[in-house]
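Note sheet for the following structure.
The values are calculated or read from the model by the stated rules, or taken from the named source; none is laboratory data. These numbers were taken from a predicted model, which means no experiment stands behind them. When we count neighbours, we look across all protein chains shown, and the Cβ atoms used for this are built from the backbone with ideal geometry, even at glycine.
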Amino acid sequence: MCCDTDALTIVANKHGGTVEMPDGAPPINALSWQQVELIANRFDSLSPYNRKIVPHLLRLTDENYSKRGAQRQLFGYSIAAKRYVLYTTRCGQSFCGHRGCVRIVDPKAHGLIFLAPCEERENGLPKWWWELWRFLLILEFKQLIDPEFNVLMVAGRAIDPTTAKPIENQPPWVELPAMMKMRISTPHYFEQMKGKASPFGFVLHPRTRATLKLTLLTPFNKNRKGWTRSRCINTSNGKSYRLDELSRADVITLGDVLCGYIQHPEIKSLGPDEKSCKPETRGLLKRMTVKGGLHHCIGKEISRFEQGKDDFIENIDDACIRYDGGRVAANRGLIAEIRAQGLRKTTRQTGLDRKTIRAILNGKKMKASTLAKVVMGLRSQQQSSGYQ
């Protein structure tokens, strides 16, 4: 069903066989539990560990077993990579309309970890993750049982178009503004929040539409009912705003996040039709062909917001380009290298005109291909100098 660097979720049941897919997608084949075990055992010959300490290189995780230790049938609902849930049902069917039949086993919340509608926990994880997936499964099951059933997402709430009323069992937090819990870790943001937050203390970052061009911070507050009245500071100019003074359409709520979560397409694979996945794509995904191009050093799961607006990487060999809004701007390291080469020499090495080079030196955003010419031109010059 999905995979990560340290785990695989295999479509399997006790005896194997065909598994029907929703929305008319072609069925797929499931392995039997015995076949999965045999395949996993073949990897033991590759294990570098002491067999007495680590008996098997691959093992079934605890979610596969009941409290009594017996292997049980798990079901899965996956939206995209790292956005899936594992669950069981009392009736033994993969979906149903029975009340209280579904039990969430493992909710994944990729992309949601920074959002904090409540601090309550359930089985060691934020309670709202469980509430999110319970509601998403309710919506999915309704559509599987009745293909004519539609859902309208209005102002972050799921509406039944036949009754024009909110669908039952919606999480209580859907109308709350989406707040990211963050630390004050740079001098720039500490200066903006001076007197309102301590160094490395927590603040909240309300999410707003990109068209507003606001980066808001407000002091950390556990009183979620008062979030809409929060006094916020725009870190770009120091101006003060209150969330309830902004248009409702401009403030992203957790209901909006939920809506976007459902519609997120899988971008690392192709659909059954060998085309890019869309929100409505169903079925067995196919591999995407990756063609190598210009190499870039990029951070893994790094928060650009936490780095601060003046952050840059000194070593030009590590990173030369900073991406921003689909276009790119040279960082200070690359600008310094261009200045060291000189305008005339850089123009000759890259094939670009002086006007473009001056724009790069002034921090203007360019097409990625334009900056790629600069990087490759400078690299070719370095290599040819090394050969002389």
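Tabulated data
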{"item": "Some residue of the stretch 59-68 being surrounded by 13 or more Cβ atoms within 10 Å (Cβ to Cβ), hydrophobic (A, V, I, L, M, F, W, C) and over 30 Å from Asp146 (Cβ atoms)", "result": "yes"}
{"item": "Residue list for the stretch 245-297, restricted to those being exposed (fewer than 15 other Cβ atoms within 10 Å of the Cβ), at positive phi and at pLDDT below 80", "result": "none"}
{"item": "Of all residues making up the stretch 214-251, the number that are within 22 Å of Phe200 (Cβ to Cβ) and outside any loop (DSSP other than H, G, I, E, B)", "result": "8"}
{"item": "So Thr228, is it of a type in the set (Ser, Thr, Tyr), surrounded by 12 or more Cβ atoms within 10 Å (Cβ to Cβ), in contact (Cβ under 8 Å) with a residue 40 or more places away in the chain and closer than 30 Å to Leu137 by Cα", "result": "yes"}
{"item": "Number of the exception - Trp128 against (1) in contact (Cβ under 8 Å) with a residue 12 or more places away in the chain; (2) surrounded by fewer than 18 Cβ atoms within 10 Å (Cβ to Cβ); (3) not charged (D, E, K, R)", "result": "(2)"}
{"item": "Any pair with Cβ under 8 angstrom, 6 or more apart, that starts in the stretch 1-15 at a residue that is in the same structural domain as Leu57 (by TED's automatic domain parsing) and ends at one that is assigned to a loop (DSSP other than H, G, I, E, B) and modelled with pLDDT of 85 or more", "result": "Met1/Ile10; Met1/Val11; Ala7/Thr61; Asn13/Gln73; Lys14/Gln73"}
{"item": "Qualifying residue in the stretch 17-29 (condition: surrounded by 14 or more Cβ atoms within 10 Å (Cβ to Cβ) and more than 17 Å from Leu144 (Cβ to Cβ))", "result": "no"}
{"item": "Filter result for Gly76 (under 23 Å from the mean Cα position of the chain (by Cα), surrounded by 14 or more Cβ atoms within 10 Å (Cβ to Cβ), of a type outside the set (A, V, I, L, M, F, W, C) and closer than 25 Å to Pro147 by Cβ)", "result": "yes"}
{"item": "From Pro177, Pro172, Pro126, residue being modelled with pLDDT of 80 or more and touching a helix residue (DSSP H, G or I) at 6+ places or on another chain (Cβ under 6 Å)", "result": "Pro177"}
{"item": "Test: residue in the stretch 102-113 that is among the acidic types (Asp, Glu), modelled with pLDDT of 80 or more and out of contact with any helix residue (DSSP H, G or I) (no Cβ under 6 Å at 6 or more places or on another chain)", "result": "no"}
{"item": "Matching entry among Ser380, Ser303, Ser385 (being farther than 30 Å from Pro187 by Cβ, at pLDDT below 80 and either aromatic (Phe, Trp, Tyr) or surrounded by 10 or more Cβ atoms within 10 Å (Cβ to Cβ) (or both))", "result": "Ser380"}
{"item": "Residue that is modelled with the lowest pLDDT, among those in the stretch 363-377 that are charged (D, E, K, R) and crowded, with 16+ Cβ neighbours inside 10 Å", "result": "Lys373"}
{"item": "Residues that are outside any helix (DSSP H, G or I) and either loosely packed, with under 13 Cβ neighbours inside 10 Å or modelled with pLDDT under 85 (or both), drawn from the stretch 334-362", "result": "Gly342, Gly351, Asp353, Asn362"}
{"item": "Of all residues in the stretch 148-166 being in a loop (DSSP other than H, G, I, E, B) and within 16 Å of Leu254 (Cβ to Cβ), the one that is farthest from the chain's Cα centre (by Cα)", "result": "Ala155"}
{"item": "Number of the exception - Thr211 against (1) in a helix (DSSP H, G or I); (2) in contact with a helix residue (DSSP H, G or I) (Cβ under 8 Å, 6 or more places away or on another chain); (3) buried (at least 20 other Cβ atoms within 10 Å of the Cβ)", "result": "(3)"}
{"item": "Selection within the stretch 267-279 - within 18 Å of the chain's Cα centre (by Cα) and not in a strand (DSSP E or B)", "result": "Ile267, Lys268, Cys277, Lys278, Pro279"}
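Residues checked against (1) closer than 25 Å to Glu122 by Cβ; (2) of a type outside the set (Ser, Thr, Tyr); (3) touching a Gly at 6+ places or on another chain (Cβ under 8 Å):
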| residue | (1), (2), (3) |
| --- | --- |
| Asp146 | no, yes, no |
| Leu152 | no, yes, no |
| Pro166 | yes, yes, no |
| Val174 | yes, yes, yes |
